[in-house]
Every structure is written in structure tokens, then in C-alpha cells.
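Undergrad: Before we start, here is the structure in question, set down as C-alpha cells.
The values are calculated or read from the model by the stated rules, or taken from the named source; none is laboratory data. These numbers come from a predicted model, not from an experiment. Virtual Cβ from ideal backbone geometry, glycine too; neighbours counted across all protein chains shown.
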Number of protein chains: 2
Amino acid sequence: MYTSEKDYLKHYNIHNYDVPLVSVDVAIFTLLDGKLHILMVERGDYPHKGRWSLPGGFINQQQDKDLHATALRKLKEKTGVKAPHLEQVTTLGNANRDPRGWSVTSLYMALIPYAPTAEFIAAVVDARWWAVDIALKQSLAFDHADLIAQARERLRAKAGYTALPMYVLNAPFTLTQLQQTYEELLGVVLEKKSFRRKFPVDELLEEVGEGLPEGGRGRIAALYRPRKGGDRYIFLRSFGAGEDF
Amino acid sequence: MYTSEKDYLKHYNIHNYDVPLVSVDVAIFTLLDGKLHILMVERGDYPHKGRWSLPGGFINQQQDKDLHATALRKLKEKTGVKAPHLEQVTTLGNANRDPRGWSVTSLYMALIPYAPTAEFIAAVVDARWWAVDIALKQSLAFDHADLIAQARERLRAKAGYTALPMYVLNAPFTLTQLQQTYEELLGVVLEKKSFRRKFPVDELLEEVGEGLPEGGRGRIAALYRPRKGGDRYIFLRSFGAGEDF
DNA sequence: ATTTATTATTGGCTAAATGCCACTTAATTG
DNA sequence: CAATTAAGTGGCATTTAGCCAATAATAAAT
């Protein structure tokens, strides 16, 4: 049929094929008032105009050198910053999730402290932080409730064996705040001594002075911020008892 | 611009947009002669005609109800069976991985025992099991060496805290064989007593009689096969010391 | 100035899990 | 019947985790 790879490529045209839609959606999490929040945007265009959805959109083949770059671009458009952690959660594709037809979306999860984003996000008229529990009860666009649940579950799972929870905290923070963040993300109460024994403070945190705990009462606490590269750390033993299945 | 969602959809045509290619590739692993092997196929068409690649291809929008179904279809086409474990590893997309243009592929990993596939695969002329180490040294199609490395790494990681290694073994198998499989996948030597204490035999395996160990010498060993649902089991503590970073 | 309340940090004991190695058991081979 | 091979178990020292209480350092109240 074709005489060479070059000849084949000359005749190739993607528009001769049945191709699915491809998008990237980003679940951006932070901690606000001790509760996990997620950034949502109100859709300004069809389909699902007016509904709340995850920040996301299509690949820009000129601008985006890879999928990760697409996710990073969406993240920056809505928060103004580069998150300290961004990872792919999963990719979903089926015939029904988008009224325009067979559609594939690659779901990313970003973790970010609240403070440095607050001003920028306040200026983005269609974007808003929602408590995750509340967001899941809304009538969201597409299958985004499902996407949020999957990203939330990934975050919960990784809170068990990584230091990722530190990336939703405003630095500097105390070890007690860090423990409370683990407890919020895992949904369990942890024992103070065990937590401090297990969390590798020296390796993953940098001490940046001392300060009063929240509420301004009690003994002065050591303050920390995350060290570089801590998002790749994996604990040998996991936090939180956790049911096996 | 549009007066309603219906109006919008009437005018929507995906071919007016710059869309990437979307494919699904499957890294199918088994254990053969104590070594991890992967199923490769020789490409019969351009691009990269004649090179070895992972089994994979495009979504069939009529046949495949979702991405997982596409992966399952590719798996069955080459092995004739439904693997006891199939999961998505990651999704890669960039402008350079395919000479036809911006391309996205969703990588799946399947685990399968060798024996039930042997006859079928022997009849598929373009398919062959390769030892993973050897396969990685070939000049493979596209970025498939990278895909294999990522699937291999996911398998190695999960061998540390799941029962997945049992799915590459021909049943029935002995606990010693299972331990050796963990050792091969993890790349470390495990202590017999610790392995047997930690692996939840009663929950995850079903005893199916006794038999001589491999080689036909020594005390008779208990024989097992995997129980249903064991692929969702997660160990609280991981196997193999493992460097943290 | 002293006491009380509050929170951080550390000590110490018990129980559970792991690493290590040797022992016992049950088969084949010569 | 002894030697060999491999499965399965016992036992102890070490490490880790759970629990709770003691001590330290601050603000607020008296």
C-alpha cells in the first residue's frame, strides 16, 4: 500500500479517522480553615454552561510540549502559581461522559497552600474554593463529581505513605498543624508520639524558627517548611491503621 | 453565540479542532523460567513497520464502551484470555512520540500466568514473549522502551505492598515459588520466615492440595491458587527494605 | 507575682512485628 | 538406610508502635 514510512506519513490525515475528544482536568486541593478545599470554576460556555467544574480544557498543540505542560498551564491560569506538587491521577474515557461524543480526559491532582493563591483567585471571577464535601453535593458538569472523588481518594491513599499533606499547608507550620492535616486527609485520629516518631522531620522539613501555636496560647512550637524534593519520599510503614481491603 | 446547549451541539464538529491521536498500549507481563517476560508484537504497518512494540492500538468508538474495554480488547486479541489483573499505569502525551503528530497513549499493565496463554500466542504470528531485560535492549517502536520501563516500575512498586505477583504464576503454586516471584519482581532476597508471616495466605490464597516442589526433591509442599478479589489487597507494611527516595 | 490553663515536646513502659538462624519434617536418590 | 533436598516451624533478640504521663514554655487570670 505505502512504499515507505515517508510515503505513509505524506498521506496520513488524522481527520480521516474517528478520534475522541481529549482534555485535561486538574483537581487543585488546599487546606482552608482545617478543611480540605478544591478549586472549582463556573463554566462560561456550552456544554454544561453555568455549572461548576474542575479547571481544565484542551491541549494546545503549539503551546504544550506534553500533557503535564497542559495541566501546568491550566493550574497557572486559575491560581497564578506553580503548585509544589502536581501528578496525574488517572485517565478516563468513554462514549457518554461528554455530550459531544467519545471523550478522554486526563485527570491531574495539584496540592497548593492557600495563602499565596488567595489574591489571584479572588481576581478570577469564575473560580472559587469549595470545601470538597460541599462541592461533591452540587450538580457538577460532566462526570466531575466522579473525578473529584478519584482525586480525593488518591490524596487520601498517599497521605498514608508520603509527605504530600505538607504541600497543602501554609508555611511555616508546626508539627501539630501537620499532624492535624494528616488527620483531615486520612480521616482518622493519630497518636502524637507515634506521628512524631514516624515522620522524618530532619529529612523532609527545614526548621525556620519558633512561634506560638495557633490560638496564641501554650508553649512555643518549632516552625517548619517543606524541603525540596520531599514529594518523592515514600514511608516504609503507613500512617493510620486502615482497613486492608 | 449559541442559544442553547442543543444549538451548540448541532454546530459542533470535532474535525474543526486540532486533536491529538489517542491510543491504548498494554504491557502484558508473565513469569517464564523464573524471569519476568513481556508480550511484544512486531509492527506490520507504518509507522515503525517491522519494529517490536507493545500490543496496542486505537479506540474503536463503536465496540469499546470505555478505555478499559479498549485495553481488554487488545489483551484478548493477542493472548486469547482475560487477564486476572489489568490496570492503568499512566497516560503519556507529547508532540514527538509519534511521527504522525501530537499523540496521547494510555498505558495499561496486565498480569497473566504463562501456561494458559502459550498455545494461543504461539498461533499469533507477530506476537512473542521477551524477557523484559532483553526487550528493553532492542530498538523498539515509538517510546515503548519508556512505556515498558514505567510499567515495570509500577509492577516493582506494587510487589512491595500488594499480592499482585501471584497473578504471573501458573496455579497451583507453592509458597516458595510465590516468594521467588516476589524476589524476582522486587529485585531483592527475602527472608523465608518473614515472608510467610507477612503474606496473608488464609485471606488471599486457596489451598488446592499438596505436591512435590519443583525439581521433585524434598518435602511435599502445600499448593495454592489465588482467591477472587485478591488484587485489591494492600499490605500495611511493605516487603523488601527498599530505599526511601 | 503567682496561679491556672493551654499547648509542645519528650520519656518510658508494654505489646506487636521483624530479622535471623537453627531445628524438625517429609520426600527422593544412591 | 544414610545422605540430600526443600518445606515448614520455633525461638529469641531487636526494632517499631501504642499508650499515657511527665516536663517545658507560654498567655491569661487572679
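Undergrad: Of all residues being part of a loop (DSSP other than H, G, I, E, B) and surrounded by fewer than 15 Cβ atoms within 10 Å (Cβ to Cβ) in region A:191-209, which is farthest from DNA strand D (Cβ to nearest atom)? Just the residue, please.
TA: Per the criteria, the residue is A:Pro200.
Undergrad: Tally the residues that are over 14 Å from the mean Cα position of the chain (by Cα), closer than 17 Å to B:Val19 by Cα, surrounded by 14 or more Cβ atoms within 10 Å (Cβ to Cβ) and not aromatic (Phe, Trp, Tyr), restricting the search to region A:10-56.
TA: Adding up the residues that qualify gives 6.
Undergrad: Further question: Among the residues of region B:210-222, which ones are closer than 18 Å to B:Met166 by Cβ and more than 8 Å from DNA strand D (Cβ to nearest atom)?
TA: Result: B:Gly211, single match.
Undergrad: Looking only at region A:98-122, which residues are within 30 Å of A:Tyr224 (Cβ to Cβ) and not in a loop (DSSP other than H, G, I, E, B)?
TA: Listed by number, the residues that qualify are A:Tyr108, A:Met109, A:Ala110, A:Leu111, A:Ala115, A:Pro116, A:Thr117, A:Ala118, A:Glu119, A:Phe120, A:Ile121, A:Ala122.
Undergrad: Given (1) part of a strand (DSSP E or B); (2) away from chain A (no Cβ under 11 Å), where does B:Lys76 come up short, assuming only one miss?
TA: Evaluating B:Lys76 over (1) part of a strand (DSSP E or B); (2) away from chain A (no Cβ under 11 Å) leaves (1) as the failure.
Undergrad: Regarding B:Ile112, is this residue surrounded by 18 or more Cβ atoms within 10 Å (Cβ to Cβ), farther than 19 Å from A:Val89 by Cα and either touching a Leu at 6+ places or on another chain (Cβ under 6 Å) or among the aliphatic types (A, V, I, L, M) (or both)?
TA: Yes; evaluated as a whole, the condition is true for this residue.
Undergrad: In addition: Inspect region B:71-87 for any residue being over 18 Å from the mean Cα position of the chain (by Cα), among the charged types (D, E, K, R) and loosely packed, with under 15 Cβ neighbours inside 10 Å and give the result as yes or no.
TA: Looking for residues that are over 18 Å from the mean Cα position of the chain (by Cα), among the charged types (D, E, K, R) and loosely packed, with under 15 Cβ neighbours inside 10 Å, one finds none in region B:71-87, hence no.
Undergrad: For region A:181-190, indicate whether the set of residues that are under 24 Å from A:Arg232 (Cα atoms), buried (at least 19 other Cβ atoms within 10 Å of the Cβ) and within 16 Å of DNA strand C (Cβ to nearest atom) is non-empty.
TA: yes
Undergrad: Out of all the residues in region A:180-190, which are more than 15 Å from DNA strand D (Cβ to nearest atom) and either small (Gly, Ala, Ser) or within 14 Å of chain B (Cβ to nearest Cβ) (or both)?
TA: Once the filter is applied, which keeps residues that are more than 15 Å from DNA strand D (Cβ to nearest atom) and either small (Gly, Ala, Ser) or within 14 Å of chain B (Cβ to nearest Cβ) (or both), region A:180-190 yields only A:Gly187.
Undergrad: To continue, here is another question. Would you please name the residue that is nearest to A:Ile38 (Cα to Cα), looking only at residues in region A:158-171 that are within 16 Å of DNA strand D (Cβ to nearest atom) and out of contact with any Ser or Thr (no Cβ under 8 Å at 6 or more places or on another chain)?
TA: Selected residue: A:Ala159.
Undergrad: Being at pLDDT below 95 and not aliphatic (A, V, I, L, M) is the filter here, so list the residues in region B:13-23 that pass it.
TA: B:Asn13, B:His15, B:Asn16, B:Tyr17, B:Asp18
Undergrad: Looking at region A:210-241, which of the residues that are within 16 Å of A:His85 (Cα to Cα) and in a strand (DSSP E or B) is nearest to DNA strand C (Cβ to nearest atom)? Before the answer, list the steps.
TA: At the first step, the residues of region A:210-241 found to be within 16 Å of A:His85 (Cα to Cα) are A:225-234.
Keeping just the survivors that are in a strand (DSSP E or B) gives A:225-226, A:234.
Numbers: A:Arg225: 14, A:Pro226: 16, A:Ile234: 16 Å.
Of everything passing the filter in region A:210-241, A:Arg225 is nearest to DNA strand C (Cβ to nearest atom).
Undergrad: Could you tell me which residue of region B:123-161 is surrounded by the most Cβ atoms within 10 Å (Cβ to Cβ), considering only residues that are among the β-branched types (Val, Ile, Thr) and modelled with pLDDT of 95 or more? Break it down into steps so the answer makes sense when it comes.
TA: Going residue by residue through region B:123-161, those that are among the β-branched types (Val, Ile, Thr) are B:124-125, B:132, B:134, B:148.
So of that shortlist, the ones also modelled with pLDDT of 95 or more come out as B:132, B:134, B:148.
On the way: B:Val132: 19, B:Ile134: 12, B:Ile148: 24.
The selected residue is B:Ile148.
Undergrad: Let me ask something else about it. Please determine whether any residue of region B:43-59 is β-branched (Val, Ile, Thr), within 13 Å of chain A (Cβ to nearest Cβ) and touching a strand residue (DSSP E or B) at 6+ places or on another chain (Cβ under 8 Å).
TA: Of all residues in region B:43-59, those β-branched (Val, Ile, Thr) come to B:59.
Still in the running and within 13 Å of chain A (Cβ to nearest Cβ): B:59.
Add one more test, that the residue is touching a strand residue (DSSP E or B) at 6+ places or on another chain (Cβ under 8 Å), and what stays is B:59.
There is at least one residue in region B:43-59 that is β-branched (Val, Ile, Thr), within 13 Å of chain A (Cβ to nearest Cβ) and touching a strand residue (DSSP E or B) at 6+ places or on another chain (Cβ under 8 Å).
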